[in-house]
Amino acid sequence: MSQVVGFVGAGRMGEPMVYRLVAAGHRLQVYARRDSVRERLRAAGATVVDSAAEAASSADIVIACLFSDAQLVEVLAGPGGVLAAAPRDAVVVSHTTGTVSTVTDLVAGHPGGPALLDGPVSGSADDIAAGKLTVLLGGAADAVARVRPVLESYASTVIATGALGTALSVKLVNNALFAANAQMAAAALELGTRLGIGEQQLLDALAVSSGRSYAAGSIGRTGGLVTFEQVVAPFLRKDVAACRAATADLSIDIGRLGAVIDGGPLDLG
């Protein structure tokens, strides 16, 4: 069934989401700041508006695909934010990977407002374009059921994880594990170099051997370790910092995962 979808955050990940949503027949109200992006979205069939509040004001579902907790609070909170502007019976999905306390504080600050779901994602912009993203959803079961068909416009896997905040916890554990795996894969490539093995030859061999991993595959898909560190490591650093902030809130040490992340060749501090 076609829905009115408000969308905020049409960046590297958000823009292909908008294209998939439009192609699925949903009516998109999108707020984007850059003129070039606004022109592309309009050409794709989305209605481009002038504020996040306007994108949310008449939406059935609002999707926020923002980089950080600070951006999420800026867009969602306050009298001019999405949670104040959206209809009370709307559902707001946050794809931001951040701390549980941020989403719970947002809900506490808007009692009686629209339902908020934490919906961090796993995958790339290419996965979104192919409709193969994974979305984790934390929050009320009825709200999850309402948004699932919409998110399936760009996600092949939508997993309900439980109460509000649990999806972020799952994602943060996943990200810490991926960061640790990336460090181990980088260390393996360094060892291979010392043994006289070409990087690509080793990656090709690992891809069909028992030592294969998603992290090693990601290094290969991005063009090698140097490119991986340039392109992916900045996002991993953000995710690792978010994981440490989230666990620090609960006085939890990430233990051996942290030791591997800190001790590997990649700069993820």
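The values are calculated or read from the model by the stated rules, or taken from the named source; none is laboratory data. Not measured: the values here are computed from a predicted model. Every residue, glycine as well, gets a Cβ built from its backbone with ideal geometry; the counts of neighbours run over all protein chains shown. Just so you know, the surface numbers come from the protein's heavy atoms only, side chains and all, with ligands and any DNA or RNA stripped out. Shrake-Rupley method; radii C 1.70, N 1.55, O 1.52, S 1.80 Å.
Worth a mention:
- Candidates are the residues of the range 188-221 that are closer than 17 Å to G264 by Cβ and among the hydroxyl-bearing types (S, T, Y); the one that is least open to solvent (accessible area, probe 1.4 Å) is S218.
- Matching residues in the range 241-264 - criterion: being modelled with pLDDT of 90 or more and in contact with a Leu (Cβ under 8 Å, 6 or more places away or on another chain): L257, I261, D262
- Among (1) in contact with a strand residue (DSSP E or B) (Cβ under 8 Å, 6 or more places away or on another chain); (2) on the phi < 0 side of the Ramachandran plot; (3) open to solvent by less than 20 Å² (accessible area, probe 1.4 Å) - the single one R146 does not satisfy: (3)
- Complete set of residues in the range 242-267 that are under 18 Å from the mean Cα position of the chain (by Cα) and either polar (S, T, N, Q) or open to solvent by less than 60 Å² (accessible area, probe 1.4 Å) (or both): A242, C243, A245, A246
- Matching entry among G196, G192, G220 (being assigned to a loop (DSSP other than H, G, I, E, B) and without any contact (Cβ under 8 Å) to a residue 40 or more places away in the chain): G196
- Wholly enclosed helices (runs of 4 or more DSSP H) of the range 68-130 bearing at least 1 residues touching an Asp or Glu at 6+ places or on another chain (Cβ under 7 Å) and open to solvent by 40 Å² or more (accessible area, probe 1.4 Å): 100-108
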